[in-house]
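A short write-up of the structure that comes next.
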There are 2 protein chains.
Amino acid sequence: MKSGRSLRDLLFGRPLSTDDDEKERIGPAAGIGVLGLDALASAAYGPEALLTVLLPLGVGGLRYLVPLTAVIVVVLVIVALSYRQTIEAYPDGGGAFTVSKHNLGTNWSLVAAAALCVDYVLNTAVAISAGVGALVSAVPVLLPHTLPLCLAVLVLLAFVNLRGIRATGLVFMLPTYLFLGTLLSVMVIGLGRIFTDGPAPVAAVGAGTSQVGTTATVWLLARAFANGCTAMTGVEAISNGTPIFRSPSVVGARRTLAAIVIALVTLLLGIALLARRYGITATHPGEVGYESILSQLTAATVGRGAFYYITMGSIVAVLACSANTSFADFPRVCRMLGGDRFLPEPFVHRGRRLSFSHGIIVLTLLAAILLVAFGGITDSLIPLFAVGALSAFTVSQLGMVAHWRKQSGPRAMRGRMLNGLGAIATGVTLVVVLASKLGEGAWISVALVAGMCVLFKNVRAHYDFVSRATATEASLEVGPAQPPIAVVPMRRWDAVALKGMRFAIGLADEVIAVQVLTGDREVDDLTDKWPALAVEPSRAEGRPAPKLVVLRSEYRQLYAPLLDFVRQLEHDHPHRPITVVVSELVEPRWYHHLLHNHTASMMKALLLYRGGPQTIIINTPFHLRDWRPERSELTRRNGAPRLTGWWRRRFHRAR
Amino acid sequence: MKSGRSLRDLLFGRPLSTDDDEKERIGPAAGIGVLGLDALASAAYGPEALLTVLLPLGVGGLRYLVPLTAVIVVVLVIVALSYRQTIEAYPDGGGAFTVSKHNLGTNWSLVAAAALCVDYVLNTAVAISAGVGALVSAVPVLLPHTLPLCLAVLVLLAFVNLRGIRATGLVFMLPTYLFLGTLLSVMVIGLGRIFTDGPAPVAAVGAGTSQVGTTATVWLLARAFANGCTAMTGVEAISNGTPIFRSPSVVGARRTLAAIVIALVTLLLGIALLARRYGITATHPGEVGYESILSQLTAATVGRGAFYYITMGSIVAVLACSANTSFADFPRVCRMLGGDRFLPEPFVHRGRRLSFSHGIIVLTLLAAILLVAFGGITDSLIPLFAVGALSAFTVSQLGMVAHWRKQSGPRAMRGRMLNGLGAIATGVTLVVVLASKLGEGAWISVALVAGMCVLFKNVRAHYDFVSRATATEASLEVGPAQPPIAVVPMRRWDAVALKGMRFAIGLADEVIAVQVLTGDREVDDLTDKWPALAVEPSRAEGRPAPKLVVLRSEYRQLYAPLLDFVRQLEHDHPHRPITVVVSELVEPRWYHHLLHNHTASMMKALLLYRGGPQTIIINTPFHLRDWRPERSELTRRNGAPRLTGWWRRRFHRAR
């Protein structure tokens, strides 16, 4: 690689060779930062979302907190055990897409991929917005700058991810471990007090404070459960990203998964128990006096000292950074879709730092659109959120069940049982979530997933069509055919046009120079000079003389008459290639291009897209940088090898 | 012309043939609408600007109004008479640019052109802003929408002007004549009362009300005069635009000029006399109780009835529309600069409706930038304003003096005297305006004019360089030279690549297919298949076999290895043309292009801009639209004429 691109290197790091791939891989410690943030950050909003639904039950609702959390934890553990199976079965990255593709067929895999894509885009916007929201509620002077802050965080994340996986892991390790360390300390201190002081202070929680009937309570509990399930999003990330772990990657991925789930379960249970002990309920978000569960809980446990603020700071950081899981996985899902040609090919290519740059950029753009559309406050997107993740979970587990059914033995039996349990758990959860949130906007997720599946299918169909149209095993037999006609559009007789003419003469016996007169500017009609300029020299050398056609454009159009002329030639000579030699002045500096007409570029594009199958475009560049005033016959240098000699030599050799 | 582009025709009108030019010309009646609005609208702000300066003198300041207006009117008449000479001497459009170019040299003409450009851009922004400002002060509910309204008016003006001159004249005739009719009625009624009632009511205007010393008064009067001179801007427009009048265009232009100046003088004198009679002084703009002079005056004369509102409405319309003069003239100045290659050539071309579209679009963009930058309120730009116009006036008059000095006889003497007087009058005015406004921002105008002159000179120098570099009288002698090498980049062996290969084989004996393996996606290395695909068929037909070069790209770059390969070839064969055959799939629908890599486009661009002087780019399109599944050998259709036969025929013929 060349040196000298120092700015780009400084920003994005030096390019990585494809062989550097192994060095870019990471261990479990960094893996938690890259893939685990989404799952861990769930602890910050899952219980909160659950308790918010229980608000109508008053303080009495708290009695349902521990049982509901226990159910969620059970489902979570089942899901985690299922994904442990998936990691082992698909060490190359067994996302829901891969698993369902191999075991359930294309349609299911597209549903899973679409669901994940929707989930990841939403997660990016919601996580950044949540983090920035926590920040601006702590520092209200920043409130008017919510949207710019969100976009800044988004760009920062995109930027870090474009630098590659290792960079990401290292950057995110600090907030992750600060978050885990501080919150787990809060849990230990708080739970320690329960054992030393006994479960005394919860006098307020008794029966009878609810003003809600039994059926309504069941419905409320179902909705609380559905909301709490947002705590499970992000667990799938590790199985999608298995290949980013150092070899043996299965071991690394499993350890990371275990660490994340244990941490998450501890946090969820700890929060539930402490909230119940201190009688902490949700407050209405957006109203005066709102305070998050974790804030109340931390304050109740350790007081509002320095430790409180460090804990809150780490929560803000982890919320904002949890969008990073989407940045790690969205490009991988796109890559798999691209690999199967359900998405355009650039998603398959890795950038200079081995990250899938196109996916990162697309995710950034989509999230930016969401953030701008919602002004940086994405609360209304949360109902759309868990649907994608849970759909992908369910499809993935069903795929694993099918996977194990193909095999036999006790391991397959155990796998089948575990994944079956996972499928039931996530499937039921999905139904509950869908039922309770469909009206709140979850239908948008469903519609988006359906729309994306249609898109994927259409893209693939088009690529298949192109493949069929272009695939050939034909070899290079050629047989007899027709000589080409060379058309040389020119404005005036100058060195640029001359270079084109010389190439055309080498190429074809029949050369037609075309001059379009638009009448706008005094351009000399070449008719009078043509014999001296072109005809006589050609005759003197025993070559056929090039013709000149002057077209007058009544409507001052330069391109239409030329295109019509080429089409007419194609029509008149249906078996001969029509080569159009577009000579072009190339300026050494880009801004000098502003001074020119771009006639050549327009002409090339029109001939390419609107020419017939016989049209072939030849572009002869005349480089101004090569011109030196001291060279008397500049065309000798720039017209480069005088081409016609080749024709003549061929002629001589043949003779 | 084809039909079917009905939307574009509907928006911009059917295209006009160059021969339609004469039909697009206009008479004096429409000429006032096209070229006169700027001058006439001056009546709405000139006296106001003058009186605002006199505010410190109190009502006593009014006594200076009539004398100052008289001086301005004298200068105006001198300027008009001078321009009458210019119209006759330069019937092809004697703007300040042309006159000074012919008589004073290039540098002066560039100063004049730059001054006019600055003036026109400022005028566009200020006029629209003034019109919208008057509208929103009448309808305060629109106040928050000032900027969008300004931009809407701007776009509307641009749009009307793109439709051509005739359209413009017709659209603007109504507001112009309404403005003239209502305001002249006010004058007649008001002045009629002076004669019938005597000059009675002005009791307030006496000596001694001034609290300002004599020296300060002189300075105030100079500044009031300078401000009042904004009333003269726009008079030059007719001489710039002479060719838009129906033949004999000199007569049409002179009549229009006379009509405009008479109307303007009548308005200015009428306003001065009526203001003095009714004791109307300026009020502080932007403060509560602000009311424009014309509003006070109309109300005083005819009361606040329907007629008052019609008059005010026409003033608003004319203010907004007076930007139209800039739209008519700015593109013409650019066209002249472009004709002498001080600006890029597109400014010279006329659009489908014979208007100079590029100039219109550039003016729109520049004015839009000003409007957005100042939030639609451009009061602070007014001091920058008159400098450009007065500079152009002075240079133009000086040029006319030089013009007459070349001739003799009584007509030349009279012309010399008139234009000399004009030069002195505008020169002195310019000095007064500069002196009194330099600190207020007029220095920005001066700096802009200087900067633009430097730009013009640089653009011209670059074009001259390009002309020298490309001009050639060399004819088409060719002499002996070297055979080309054909390089065919290919990704895989398909019909698209095959078409390119076939053309390459026809073109050159030495054909090198280049496959770049980036390792990102499973693309088959062609090495094994190459003998069967290409080598054996070539040998069977007695042709030299094409070579295959497989390049492995460590950094997953597609283009750099290819470019390096081509450069190496150029280096190894310094006298042979290197033709790179870029085969390209052309999709029938534009959105399908989103699905592709644009590898071919990138490759073409890189080879064009970064290839050496020997590189020639050949683009063989493979049109998907031409493919039909039923054609068994699709390459026969799409690869079109099998090219190599041409080579072979040439070979046979030569033998």
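The values are calculated or read from the model by the stated rules, or taken from the named source; none is laboratory data. This one's a predicted model, so the numbers in the text were calculated from it and none came from an experiment. Every residue, glycine as well, gets a Cβ built from its backbone with ideal geometry; the counts of neighbours run over all protein chains shown. Note: areas computed on protein heavy atoms with side chains; ligands, DNA, RNA excluded. Shrake-Rupley method; radii C 1.70, N 1.55, O 1.52, S 1.80 Å.
Structure notes:
- All told, B:ASN161 meets the bar of being open to solvent by less than 50 Å² (accessible area, probe 1.4 Å), more than 19 Å from B:VAL235 (Cβ to Cβ) and not in a loop (DSSP other than H, G, I, E, B).
- Some residue of the stretch B:401-416 being more than 21 Å from B:GLY93 (Cβ to Cβ), within 26 Å of the chain's Cα centre (by Cα) and surrounded by 17 or more Cβ atoms within 10 Å (Cβ to Cβ): no
- Screening B:ALA447, B:ALA486 for residues that are surrounded by 19 or more Cβ atoms within 10 Å (Cβ to Cβ) and among the small types (Gly, Ala, Ser) leaves exactly one candidate, B:ALA486.
- The stretch B:445-464 residues that are farther than 18 Å from B:ALA386 by Cβ, paired with ones that are aromatic (Phe, Trp, Tyr) (beta carbon under 9 Å, 6 or more apart): B:LEU455/B:PHE342; B:PHE456/B:PHE342; B:LYS457/B:PHE342; B:VAL459/B:PHE342; B:ARG460/B:PHE342; B:TYR463/B:PHE342
- Counted residues, the stretch A:491-510 - those being more than 30 Å from B:ARG539 (Cα to Cα) and assigned to a helix (DSSP H, G or I): 8
- Selection of the stretch B:550-566 for residues being facing chain A (nearest Cβ under 10 Å) and either among the hydrophobic types (A, V, I, L, M, F, W, C) or on the phi > 0 side of the Ramachandran plot (or both) yields B:ARG556, B:LEU558, B:ALA560.
- Selection of the stretch A:466-490 for residues being more than 7 Å from chain B (Cβ to nearest Cβ) and either within 22 Å of A:GLU536 (Cβ to Cβ) or in contact with a strand residue (DSSP E or B) (Cβ under 7 Å, 6 or more places away or on another chain) (or both) yields A:ILE485, A:ALA486, A:VAL487, A:VAL488, A:PRO489, A:MET490.
- For A:LEU507, the conditions (1) modelled with pLDDT of 80 or more; (2) over 30 Å from B:PRO546 (Cα atoms); (3) facing chain B (nearest Cβ under 8 Å) are fulfilled apart from (2).
- Odd one out for B:LYS547 among (1) more than 9 Å from every other protein chain (Cβ to nearest Cβ); (2) under 21 Å from B:THR615 (Cα atoms); (3) open to solvent by 40 Å² or more (accessible area, probe 1.4 Å); (4) modelled with pLDDT under 90: (4)
- Boolean, B:PRO588 is at pLDDT below 50, within 20 Å of A:VAL459 (Cα to Cα) and open to solvent by 20 Å² or more (accessible area, probe 1.4 Å): no
- Between B:ASP119, B:ASP92, the distinction of being touching a residue at least 60 places away in the same chain (Cβ under 8 Å) and outside any helix (DSSP H, G or I) belongs to B:ASP92 only.
- Residues of the stretch A:103-115 that are touching a helix residue (DSSP H, G or I) at 6+ places or on another chain (Cβ under 7 Å) and assigned to a helix (DSSP H, G or I): A:ASN103, A:TRP108, A:SER109, A:LEU110, A:VAL111, A:ALA112, A:ALA113, A:ALA114, A:ALA115.
- Which listed residue, of B:VAL73, B:VAL77, B:VAL66, B:VAL53, is within 30 Å of B:GLY252 (Cβ to Cβ), open to solvent by less than 50 Å² (accessible area, probe 1.4 Å) and either touching a residue at least 12 places away in the same chain (Cβ under 8 Å) or of a type outside the set (Val, Ile, Thr) (or both): B:VAL73
- Of the listed requirements (1) assigned to a helix (DSSP H, G or I); (2) facing chain A (nearest Cβ under 10 Å); (3) crowded, with 20+ Cβ neighbours inside 10 Å, B:HIS462 misses just one: (3).
- The residue list B:ASP564, B:ASP528 contains one member that is surrounded by fewer than 14 Cβ atoms within 10 Å (Cβ to Cβ), at pLDDT 85 or above and over 29 Å from A:LEU607 (Cα atoms), which is B:ASP528.
- Hits in the stretch B:567-585 (condition: surrounded by fewer than 17 Cβ atoms within 10 Å (Cβ to Cβ) and within 10 Å of chain A (Cβ to nearest Cβ)): B:PRO574, B:HIS575
- Some residue of the stretch A:497-515 being in contact with a Leu (Cβ under 6 Å, 6 or more places away or on another chain), within 25 Å of B:ILE617 (Cβ to Cβ) and open to solvent by 10 Å² or more (accessible area, probe 1.4 Å): yes
- Test result for B:VAL132, touching a Cys at 6+ places or on another chain (Cβ under 7 Å) and at pLDDT below 85: yes
- Residue that is modelled with the highest pLDDT [pool: residues in the stretch A:260-279 that are open to solvent by 10 Å² or more (accessible area, probe 1.4 Å) and either more than 25 Å from A:VAL387 (Cα to Cα) or among the polar types (S, T, N, Q) (or both)]: A:THR266
- For the residues A:ALA138, A:ALA112, A:ALA152, the requirement of being small (Gly, Ala, Ser) and buried (at least 19 other Cβ atoms within 10 Å of the Cβ) singles out A:ALA112.
- Cross-chain or 6+ apart pairs with Cβ under 9 Å, the stretch B:260-281 first and among the hydroxyl-bearing types (Ser, Thr, Tyr), then open to solvent by less than 10 Å² (accessible area, probe 1.4 Å) and not in a helix (DSSP H, G or I): B:THR281/B:LEU54
- A single entry from B:SER100, B:SER129, B:SER42 fulfils the requirement of being buried (at least 24 other Cβ atoms within 10 Å of the Cβ), of a type outside the set (A, V, I, L, M) and under 28 Å from B:LYS406 (Cβ atoms): B:SER100.
- In the stretch A:491-504, residue nearest to the chain's Cα centre (by Cα) [restricted to those that are within 16 Å of A:LEU533 (Cβ to Cβ) and at the interface with chain B (Cβ under 7 Å from one of its Cβ atoms)]: A:VAL496
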